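The values are calculated or read from the model by the stated rules, or taken from the named source; none is laboratory data. Predicted, not measured: the structure shown is a model, and the values here were computed from it. Quick reminder, even Gly has a Cβ in these numbers, built from the backbone with ideal geometry, and neighbours come from all protein chains shown.
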Amino acid sequence: MKEYRIITGGMGAGVSNWELARTVGENGQIGVVSGTAMDVILTRRLQEGDKDGNMRRALAAFPVQSIAEKIINEFYIEGGKEAHVSYKRIPMYTLTPSKELFEITIAANFTEVFLAKEGHDNPIGINLIEKVTLPNLPSIYGAMLAGVDYIIMGAGIPRDIPAVLDAFSKAEPASIRVNVTGAEKDEEFRMVLDPKEIMGEFLTELPRPKFYAIVSSNILATTMVKKTKPPVDGLVIEHNTAGGHNAPPRGGLNLGETGEPTYGVKDEVDLEKIKALNVPFWMAGSWGEACKLKEAVAAGAQGIQIGTLLAMCKESGFVDSIKKTILANIPDVFTDPKASPTGFPFKVVALEDSLSVLETYLKRPRICNLGYLRHIYKKEDGTLGYRCPAEPEKAFITKGGDPEELEGRKCLCNALVANIGLPEIYKSGYIEQTLITAGDTLKKVKEFMKDGADTLSVAEVIEQLLSDLNPSEA
């Protein structure tokens, strides 16, 4: 059996896109697409004219053509929408979304995985965020329809997912527990998806992908392997130097002189205990060096997960101007303790020298119109409501939100979609800003670039990462 040593990190919304994942696969490793906000991304790509035709070509392979045709008829604009025109929106997720929203999400994730798997025989995974709970069931099902090989999930404790994969593989309904603020102790809320309601006569059993949980502590690793039924198939051991969301420090949130969370000995993982769990594991967070891959393999890891280096490659979904700016003058990375509405620390790239990282995005008007990171809460009348500490202050407080949660919050949903060139444009003329995330490995990116080059490729990164391994290890 082939030994895969490199697996792609699931970056942003559409940064780990199908093109990046497919190129990683073509170079003999495991490509991974990000499943975050794929419903919005697909519909906006279609509204931009789907100039290379890839979205429509992938949708032509979707098992239920009536769904694919409906999506194309509703969102595709030949030649693309006018630059100043806003995108046609889709509804935000609730605990009881419409069938149409399920269909869009399933088709979108199918499309991304379908395209990523073309042209090679290596496995492809999809990365999802446990904190973005509501779209996860249709995202997983859509990926499975396209034959995804791995489901990878972090930013939480995704204990329901292995059972979901079992159910979907048997063409049975599946559900996941949803956190609701204010729920009674014995009260449980669940999101449910029955594949039969979507697929109808085209319902079939599907290959079950493997499930890898992203963890940052021995306790969570043990929980996912020994206390989850069925257990996970593998782990990604993520250090707090990784990009995107980081696990909060285990000793409590204490800020250092720079205003960043401080991590200590309690936040380091004992790899001997990880090895004792007897499941494959990958090292993530500042492992993007050839010598570090050799070190990881020697420590018993299957390999390393790489995000930041690949995000800077020409094949990633970041708009070219962002990559060009970063590669020309590598900026600092700031671990913002308040940016994310999830409450998890979030790494932000400081692209503007004149403003502190904390201030840069706070200039943005508060708007919540994608809603992936909204919190669900129980109202006094027993019904459910949805609020986000990055939404307009008055709305958040009116919904019973704690005013202290508002400080420093930033709308990651809109920012992450803007990062890949699909920013919302409002009638007022305001255009959504970008907010770039990267890991501490960003400072090492130029070491992978050829002399005189101003771009980086996936092939160059993989070749250098594998260069220090013995032939028997590669």
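Here is a check on your reading of the model: is Gly53 surrounded by fewer than 23 Cβ atoms within 10 Å (Cβ to Cβ), closer than 20 Å to Val319 by Cβ and free of Cβ contacts under 8 Å to residues at least 40 places away in the same chain? It would help to see each step written out before you state the result.
Details: surrounded by fewer than 23 Cβ atoms within 10 Å (Cβ to Cβ): yes; closer than 20 Å to Val319 by Cβ: no; free of Cβ contacts under 8 Å to residues at least 40 places away in the same chain: yes.
Considered against the rule, which asks whether it is surrounded by fewer than 23 Cβ atoms within 10 Å (Cβ to Cβ), closer than 20 Å to Val319 by Cβ and free of Cβ contacts under 8 Å to residues at least 40 places away in the same chain, Gly53 comes out as no.
Answer yes or no: is there a residue in segment 397-406 that is assigned to a loop (DSSP other than H, G, I, E, B), under 27 Å from Gly317 (Cα atoms) and not hydrophobic (A, V, I, L, M, F, W, C). The answer is no; no qualifying residue exists. Phe102: among the aromatic types (Phe, Trp, Tyr), crowded, with 24+ Cβ neighbours inside 10 Å and within 30 Å of Ile425 (Cα to Cα), yes or no? Considered against the rule, which asks whether it is among the aromatic types (Phe, Trp, Tyr), crowded, with 24+ Cβ neighbours inside 10 Å and within 30 Å of Ile425 (Cα to Cα), Phe102 comes out as no.
Of the residues examined, Val215 is one that is within 30 Å of His239 (Cβ to Cβ), modelled with pLDDT under 95 and aliphatic (A, V, I, L, M).
Scan segment 219-259 for residues that are in a loop (DSSP other than H, G, I, E, B) and buried (at least 20 other Cβ atoms within 10 Å of the Cβ) and report the count.
Our first condition is that a residue be in a loop (DSSP other than H, G, I, E, B); within segment 219-259, this holds for 227-233, 239-244, 246-254, 256-259.
From what is left, the residues that are buried (at least 20 other Cβ atoms within 10 Å of the Cβ) are 232, 240, 242-244, 246-247.
The total comes to 7.
The residues on offer are Glu78, Glu100, and the sole one that is at pLDDT 95 or above, more than 30 Å from His375 (Cβ to Cβ) and of a type in the set (Asp, Glu) is Glu78. Scan segment 33-62 residue by residue and report those that are under 13 Å from Asn109 (Cβ atoms) and not hydroxyl-bearing (Ser, Thr, Tyr). Once the filter is applied, which keeps residues that are under 13 Å from Asn109 (Cβ atoms) and not hydroxyl-bearing (Ser, Thr, Tyr), segment 33-62 yields Val33, Gly35, Ala37, Met38, Asp39, Val40, Ile41, Leu42, Met55, Ala58, Leu59, Phe62. Among the residues making up segment 423-440, those that are touching a Phe, Trp or Tyr at 6+ places or on another chain (Cβ under 8 Å) and either under 23 Å from Lys314 (Cα atoms) or in a loop (DSSP other than H, G, I, E, B) (or both) are Glu424, Gln433, Leu435, Ile436, Thr437. Of the residues contained in segment 409-423, one or more are found to be without any contact (Cβ under 8 Å) to a residue 24 or more places away in the chain, within 30 Å of Thr325 (Cα to Cα) and of a type outside the set (A, V, I, L, M, F, W, C).
Remark: pairs (first residue in segment 248-272, among the basic types (Lys, Arg); second residue surrounded by 11 or more Cβ atoms within 10 Å (Cβ to Cβ) and assigned to a loop (DSSP other than H, G, I, E, B); Cβ separation under 7 Å; 6+ apart in sequence or on different chains) = Arg250/Ser217; Lys266/Arg250; Lys266/Gly251. Residues considered: Gly14, Gly31. Of these, the only one that is modelled with pLDDT of 95 or more, among the small types (Gly, Ala, Ser) and either more than 18 Å from Leu435 (Cβ to Cβ) or not in a helix (DSSP H, G or I) (or both) is Gly31.
The rows are residues; the columns are (1) of a type in the set (Val, Ile, Thr); (2) closer than 30 Å to Leu309 by Cα.
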| residue | (1), (2) |
| --- | --- |
| Ala37 | no, yes |
| Ile41 | yes, yes |
| Lys51 | no, yes |
| Leu59 | no, no |
| Val64 | yes, no |
| Ile67 | yes, no |
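Restricting attention to segment 263-281, does a residue exist that is within 23 Å of Val445 (Cα to Cα) and surrounded by 17 or more Cβ atoms within 10 Å (Cβ to Cβ)? Within segment 263-281 (the criterion being within 23 Å of Val445 (Cα to Cα) and surrounded by 17 or more Cβ atoms within 10 Å (Cβ to Cβ)), the answer is no, since none of the residues qualifies.
Scan segment 147-160 for residues that are in a loop (DSSP other than H, G, I, E, B) and either surrounded by fewer than 24 Cβ atoms within 10 Å (Cβ to Cβ) or among the polar types (S, T, N, Q) (or both) and jot them down.
Restricting attention to segment 147-160, the residues satisfying the condition of being in a loop (DSSP other than H, G, I, E, B) are 147-149, 155-160.
Within segment 147-160, Gly147, Asp149, Ala155, Gly156, Ile157, Arg159, Asp160 qualify.
Scanning segment 1-51 for residues that are touching a Lys or Arg at 6+ places or on another chain (Cβ under 8 Å) and among the charged types (D, E, K, R) gives Arg22, Glu48, Asp50. Within segment 62-70, does at least one residue satisfy the condition of being surrounded by fewer than 13 Cβ atoms within 10 Å (Cβ to Cβ) and part of a helix (DSSP H, G or I)? Among the residues of segment 62-70, at least one is surrounded by fewer than 13 Cβ atoms within 10 Å (Cβ to Cβ) and part of a helix (DSSP H, G or I), which makes the answer yes.
Pairs are defined by a Cβ separation below 6 Å, a sequence spacing of at least 6 or placement on different chains, a first member in segment 60-81 that is in contact (Cβ under 8 Å) with a residue 60 or more places away in the chain, and a second member that is among the aromatic types (Phe, Trp, Tyr) and part of a helix (DSSP H, G or I); the pairs so defined are Phe62/Phe110; Pro63/Phe202; Val64/Phe202.
Restricting attention to segment 321-335, the residues being more than 18 Å from Thr441 (Cβ to Cβ) and in contact (Cβ under 8 Å) with a residue 24 or more places away in the chain number 1.
Please determine, by comparing only the residues of segment 61-101 that are charged (D, E, K, R) and under 25 Å from the mean Cα position of the chain (by Cα), which one is farthest from Gly385 (Cα to Cα). For segment 61-101, the residue satisfying everything is Lys88.
I'm trying to understand the selection: among the residues of segment 296-307, which are closer than 17 Å to Glu463 by Cα and not hydrophobic (A, V, I, L, M, F, W, C)? Passing the criteria: Gly303, Gln305, Gly307. Summed over segment 431-463, residues that are in contact with a helix residue (DSSP H, G or I) (Cβ under 7 Å, 6 or more places away or on another chain) and at positive phi total 0. With respect to the conditions (1) modelled with pLDDT under 90; (2) more than 23 Å from Ala37 (Cβ to Cβ); (3) of a type in the set (Gly, Ala, Ser); (4) out of contact with any Ser or Thr (no Cβ under 8 Å at 6 or more places or on another chain), Gly288 lacks only one, and its number is (4). Taken as a whole, the structure leaves Pro173 outside the set of residues that are more than 30 Å from Glu3 (Cα to Cα), touching a helix residue (DSSP H, G or I) at 6+ places or on another chain (Cβ under 8 Å) and surrounded by 24 or more Cβ atoms within 10 Å (Cβ to Cβ).
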